[in-house]
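Here is the structure we will look at.
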Amino acid sequence: MFDDCVIDATKIGTIDKAIDEQVSANRNRYTDISDQVAGNVIKPFTSVLTPSTLFQPVNALDLSKPIDGSFAAFHKNTFEESLKNFVVGSSKIPWYFIACAHYLECTFDFKKHLHNGDPLSGYTVRVPANRPKVGHGPPFTFEESAVDALKFMKLNEISNWSLPTVLRKLEAYNGFGYFKYHSINSPYLWSYSNQYAKGKYVADGKFDAEAVSKQMGAAVILKRMEQRALIYIPRH
């Protein structure tokens, strides 16, 4: 469906505006949340070639002697360790996943819970209620509540963030009621595209077959970001 998704041409400007002014603009903030969920921060991939080694004077090495195995082993081990630190990020929640959830649940408002859009001035009221569990009462920061929301959904346990996983977990954020009970594609993913026409839950448990979502779908946002070469989501 993602590859066959055709974005409504009349909505491109609106989507691009959201991508530029909200999604991309807050990338560092979403990335920081992903790091906190993972419980670590990726080390920069700089331990092999640093300014000090890259511009080292030639006479700093004794070229009259062959480079022995220990020298080669040192750099091999350094490279492998750096690569390991770099690849750690493959199992982290993609920053663009968090951005999409933030839009759909909070309309990019950093004063609301990522769980469901309730205000950070208190615990969540709607499902899931009485969150976050962070060791203190309200008010809460967006970051600490977002970390709680993502862990609550066990997204920190996913090791392969391929395209099917990204789309399925985004749909799970809102629920599978559209497909399960109404046999339509979720507007949470596909609104603003040829994959969705009408039908929407206008309240918890209340479905209106004629209502049309006014929000752009998460899959549509990601599709447009790929079209603009801002991201690429692995297919497997």
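The values are calculated or read from the model by the stated rules, or taken from the named source; none is laboratory data. These figures come from a predicted structure and were not determined experimentally. Cβ sites come from the backbone with ideal geometry, for glycine too, and all protein chains shown count toward neighbours. What goes into the accessible areas is simple: the full protein's heavy atoms, side chains included, and nothing from ligands, DNA or RNA. Shrake-Rupley method; radii C 1.70, N 1.55, O 1.52, S 1.80 Å.
What to note about this one:
- Segment 1-19: number of residues that are over 13 Å from residue 100 (Cα atoms), assigned to a helix (DSSP H, G or I) and either hydrophobic (A, V, I, L, M, F, W, C) or free of Cβ contacts under 8 Å to residues at least 12 places away in the same chain (or both): 5
- Scanning segment 134-143 for residues that are surrounded by 11 or more Cβ atoms within 10 Å (Cβ to Cβ) and farther than 14 Å from residue 98 by Cβ yields a count of 5.
- Taken together, 129, 146 contain a single residue that is at pLDDT 95 or above, within 17 Å of residue 96 (Cα to Cα) and either surrounded by 15 or more Cβ atoms within 10 Å (Cβ to Cβ) or of a type outside the set (S, T, N, Q) (or both), which is 146.
- Residue check for residue 164: farther than 19 Å from residue 107 by Cβ, open to solvent by less than 10 Å² (accessible area, probe 1.4 Å) and modelled with pLDDT of 95 or more: no
- Looking across segment 188-212, the residues that are crowded, with 20+ Cβ neighbours inside 10 Å and more than 25 Å from residue 158 (Cα to Cα) come down to 191, 192, 193, 195, 196, 200, 201.
- Of all residues making up segment 150-161, the number that are part of a helix (DSSP H, G or I), surrounded by fewer than 20 Cβ atoms within 10 Å (Cβ to Cβ) and not basic (Lys, Arg): 3
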